[in-house]
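Pasting in a structure now, in structure tokens, and then I'll have a few things to ask.
The values are calculated or read from the model by the stated rules, or taken from the named source; none is laboratory data. As the structure is a computational prediction, the values presented were derived from the model and not from experiment. Because the Cβ atoms are built from the backbone with ideal geometry, glycine has one as well, and the counts that use them run over all protein chains shown. Areas reflect the complete protein model, heavy atoms only, side chains present, ligands, DNA and RNA absent. Shrake-Rupley method; radii C 1.70, N 1.55, O 1.52, S 1.80 Å.
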Amino acid sequence: MAVAHEMEMESVNLNMEREGKEELEEEKMKGNGEGKDFPRSRKVHRIVSKWMLPEPVRRTYLERANCLPPPLFIILISLAELAVFIYYAVWKPQKQWITLDTGILESPLTYCPEKREEAWRFISYMLVHAGVQHIVGNLFMQIVLGIPLEMVHKGLRVGLVYLAGVLAGSLASSIFDPLKSLVGASGGVYALMGGYFMNVIVNFREMIPAFGIVRLLVIILIVASDMGFALYRRFFVPANGSPVSFAAHIAGGFAGMSIGYTVFSCFDKTLLKDPRFWIAIAAYVACLLFAVFFNIFLSPAN
């Protein structure tokens, strides 16, 4: 136990020494007048690297860090979700904004079991939300977590994980809750959280232990509150309301912990050359094919 404690303390000390060296380098650059605008952006990238990456690859990220291209995927998808919410809240007849109304369930974007032949609904349901609390929670998480992830991993990889969670969510809902409708981007958000969560767990000691504990506690708190709202919407909805499936949360999280983890752990590697990525893709495709078979031949909603 003493040896393990000493090793942990040594690792923390090494991290602190490296951070001190980086800060000294920045101070020297400021003193030499090199790049007046650069130190401020570098400070932002240093903060992002501490939260998103294990220590061994942080220097690589900082050496080539830039905001080109900017995190457009998360920004654009968030604006689209907000625009759809405002459209249904303002221009469509809604009794209130707090909970889901029948107007949203009649949307051509919502996933409805009886309209599964309209295949776009398996993806487009992410644009529709069940009220203020629902959309605020999803937008907050995907902006706070998604933008730093996209700064590090770029939009293509983050978009892959996000959409994999969205599709996994609707397909899982069609199997495990086949008679219920589905709205919200929780599948994509949980995919981002699942990938990040696994990355923190696997690289816990390298991602600064104190920060690692805080990250895990924050993720657990957010997941618990969001799942509580989802369970309420599913099982305790008022008699005049419409229950909504919560399976997308769980499926999105599993998609993130498989595909998301392999994507987010390959920052300095070629993703297509990592066998873990192809194993995760193969498992995902197998589940997808089973879900398609289930929906065509076995679903109670047929």
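Check the range 248-266 and report whether any residue there is open to solvent by 80 Å² or more (accessible area, probe 1.4 Å), closer than 23 Å to Met52 by Cβ and not β-branched (Val, Ile, Thr).
yes
Are there helices (runs of 4 or more DSSP H) fully within the range 81-197 with at least 2 residues that are closer than 30 Å to Ala65 by Cβ? List them.
It comes to 132-176.
Looking at the range 59-73, which of the residues that are open to solvent by less than 40 Å² (accessible area, probe 1.4 Å) and out of contact with any Lys or Arg (no Cβ under 7 Å at 6 or more places or on another chain) is nearest to Cys266 (Cα to Cα)?
Out of the qualifying residues, it is Tyr61.
I would also like to ask the following. Within the range 123-136, which residues are open to solvent by 30 Å² or more (accessible area, probe 1.4 Å) and in contact (Cβ under 8 Å) with a residue 60 or more places away in the chain?
Once the filter is applied, which keeps residues that are open to solvent by 30 Å² or more (accessible area, probe 1.4 Å) and in contact (Cβ under 8 Å) with a residue 60 or more places away in the chain, the range 123-136 yields only Gln133.
Could I ask something else about it? Consider Ala283 carefully, then state whether it is touching a helix residue (DSSP H, G or I) at 6+ places or on another chain (Cβ under 9 Å), open to solvent by 50 Å² or more (accessible area, probe 1.4 Å) and under 25 Å from Ala185 (Cα atoms).
yes
Tell me, yes or no, whether the range 89-105 has at least one residue that is open to solvent by less than 30 Å² (accessible area, probe 1.4 Å) and either modelled with pLDDT of 95 or more or within 30 Å of Val48 (Cα to Cα) (or both).
no
For every residue, the table says whether it meets (1) surrounded by fewer than 22 Cβ atoms within 10 Å (Cβ to Cβ); (2) touching a strand residue (DSSP E or B) at 6+ places or on another chain (Cβ under 8 Å); (3) hydrophobic (A, V, I, L, M, F, W, C); (4) at pLDDT 90 or above.
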site	(1), (2), (3), (4)
Lys180	yes, yes, no, no
Gly188	no, no, no, yes
Pro209	yes, no, no, no
Asp226	no, no, no, no
Phe236	yes, no, yes, no
Leu289	yes, no, yes, yes
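Another question, then. Over 27 Å from Leu156 (Cβ atoms) and at pLDDT 80 or above: is that true of Pro243 in this structure?
no
Answer with yes or no whether Arg116 is among the basic types (Lys, Arg), closer than 20 Å to Ala255 by Cα and open to solvent by 10 Å² or more (accessible area, probe 1.4 Å).
Here the answer is no, as Arg116 does not meet what is asked.
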